[in-house]
Amino acid sequence: AGHWQGKMAAGGTADAQARFGHSVKGLLTEKVTSCGTDVIALTKQVLKGSRSAELLGQAARNMVMQEDAILHSEDSLRKMAIITTHLQYQQEAIQKNVAQSSNLQDQLSHLLK
């Protein structure tokens with residue numbers, strides 16, 4: 001009878017060890033899963049950070065391009081203002097010439113009568 005009880009105790013110990021191993025395995029699996037989730041979250045965050053840096057760089061490049069376009073437009077507007085002034089002077093000169101030519105026509109018609 002004593003021999004049978006010893007076998008039973010040994011079997012109980014083996015059973016307890018199996019249960020302990022199983023729970024350790026479960027805890028390890030849980031930890032690995034949570035670690036994997038953390039790594040995925042970290043990777044996403046890093047990618048998001050690098051993407052935002054890329055977007056910032058792109059925005060800066062766009063701003064520089066727009067600044068160049070604005071400066072070019074200002075330059076064009078200044079040149080157009082100068083051209084407009086010159087055209088106004090020419091228009092005034094033409095109007096004076098027209099007035100003088102009509103005066104000359106009047107004088108010629110008086111002379112020819």
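With respect to Ser109, determine if the residue is surrounded by 10 or more Cβ atoms within 10 Å (Cβ to Cβ) and modelled with pLDDT under 95. For Ser109, the condition - surrounded by 10 or more Cβ atoms within 10 Å (Cβ to Cβ) and modelled with pLDDT under 95 - is not met. Please go through region 1-31 and pick out each residue that is modelled with pLDDT under 75 and open to solvent by 100 Å² or more (accessible area, probe 1.4 Å). Within region 1-31, Ala1, His3, Trp4, Gln5, Lys7, Met8 meet the criteria.
The values are calculated or read from the model by the stated rules, or taken from the named source; none is laboratory data. Owing to the predicted nature of the structure, the values given are computational and were not obtained by experimental measurement. Cβ atoms come from the backbone with ideal geometry, glycine included; neighbour counts cover every protein chain shown. For accessibility, only protein heavy atoms count, side chains too; no ligands or nucleic acids. Shrake-Rupley method; radii C 1.70, N 1.55, O 1.52, S 1.80 Å.
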